[in-house]
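Here is the structure we will look at.
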Amino acid sequence: MAALGDDREDRALWRRWRDTTDLTAAEPDALALAAYAEGRLDEAAAEVVELWLAEHPESIGDIVAARAIGQRPPRLVFNNIVAHASELVPGSENVVAFRRPAVSSWRNALAWASIAASLVLVSFGGFSMGSSAYANLSGTSVSDGSSVDSPDNTGSIDTYFSDDSST
Amino acid sequence: MAEAANLEALIRGNKAEWDGFVRRYAGLILSAARGTARPGTELEDIVQEVFTRLCKDDFRLLKTYDAARAGLSTWLTIVARSTARDLQRRRQAPTTSIDLVPEGMLGVTAEPQEKLRLPDVLLSPRQKLIVTMIYERDMEVTEIATALGIDPQTVRSTHHKAMLKLREHFANEEKNEKTK
């Protein structure tokens, strides 16, 4: 059986009609087209959509595709497509940001007190060690100086050499 | 498909809802865009354009959706295909430098071409749509019936009545021209 569109005479007649008609239909919005695809429009509203579709045949496929939803399995989507689309909306105020768990005030005070005590102890220990080291060094240098610089104490060198020579 | 998207929370800018929406409908949008994509067009770009359009200007487009009028999947399919066509049109729009156009072609024709107007009521919108689907889109009767949700026999009879009207109209027109 021949298809309806195979008749050359009818096709020529349609072309003649198409070439002599103006575009008159107002463009329906996406919601009206979707409602039409689902058969939810009343006759008057459906006629408006049908008139526009007749003048914009490239959109007829939209109705066919919308009616075919559910008849085809959903396509797998690459993760990068989903990731890029997700990035279009930044994080909102409704999202609770990460917060550190609250620490009780006495533990906080204890921690700061421990740090302060450690600093005091380290400072005191360092000062004590420094002082005793200085005292030791200064004590040695004084005795050495007296043995070397004092003219009355020349015997000590002799003693040293004599002791050394004696050994 | 379950229309489980919490659109109210989504259009308030809830990031988690948006992420869920993207995961749930990216496949559907990809399928819809694939049907209109010309060879060489990046499907990823089309999907991205659809989602951009949905959330642009504080979700202006998404706010126009009304669940009482149509299903979300159906509406998204229409939006996706229309966006895909717009994107491809923008990318393939021919641009010619004005310097390359001959001067004679830049002039505006003084006499507009008159078009023979047919009576608006000659064919009903349904008849116009069916003959357009047959001759412009080369669709089969069963495809048309499925697309319009009507019986194939109704498609045939509607086409038949439309062609009778056209034949009669043009026959009368030729007769009038001969008598002038």
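Using a cut-off of 18 Å between alpha-carbon atoms, which lysines can reach B:K175, once sequence neighbours fewer than 8 places away in the same chain are excluded?
B:K165
Just to verify a number: FRET efficiency for B:E177 and A:T24, C-beta to C-beta distance, R0 = 22 Å, to 0.05?
Plugging the Cβ-Cβ distance into 1/(1 + (r/R0)^6) gives 0.30.
Please compute the net charge surrounding B:Q88, taking Lys and Arg as +1 and Asp and Glu as -1 over other residues with Cβ under 13 Å from its Cβ.
Net of charged neighbours comes to +2.
Which whole number gives the average count of other chain Cβ atoms within 10 Å of the Cβ atoms across peptide B:140-151?
4
Report the calculated FRET efficiency for B:R60 and B:D138 (r = Cβ-Cβ distance, R0 = 41 Å), to the nearest 0.05.
It comes to 0.65.
How would A:I69, A:I63 line up from fewest to most surrounding beta-carbon atoms within 10 angstrom?
Ascending number of Cβ neighbours within 10 Å: A:I69, A:I63.
Just order B:74-84, A:122-132, B:161-171, B:48-58 by mean Cβ neighbour count inside 10 Å, highest at the front, would you?
Top of the packing list down: B:74-84, B:48-58, B:161-171, A:122-132.
Could you tally the net charge around A:L4, taking each other residue with its Cβ under 9 Å from the Cβ of A:L4, Lys/Arg +1 and Asp/Glu -1?
That works out to -3.
What residues from the range B:60-82 fall in the zone where the backbone N is under 15 Å from a label point 7 Å along the Cα-to-C-beta line of B:R89?
What the label zone holds, given the 15 Å backbone N cut-off, is B:79-82.
How many Cβ atoms of partner chains, on average, are near each residue of A:31-43 if near means within 10 Å of its Cβ?
Mean inter-chain Cβ contacts per residue within 10 Å come to 6.
Pairs of alpha-carbon atoms within less than 8 angstrom and 6+ residues apart define the contacts here; what relative contact order does the range A:9-73 have, in percent?
About 34 percent, as a whole number.
Per residue of B:78-89, count partner chain C-beta atoms within 10 Å of its C-beta, then hand back the mean as an integer.
Taking all residues of B:78-89 together, the mean is 4.
A short reminder: the numbers here are calculations on the coordinates, not readings from a lab. Everything numeric here is computed off the predicted structure, so don't read it as measured data. Glycine gets a Cβ as well: all are built from the backbone with ideal geometry, and neighbour counts include every protein chain shown.
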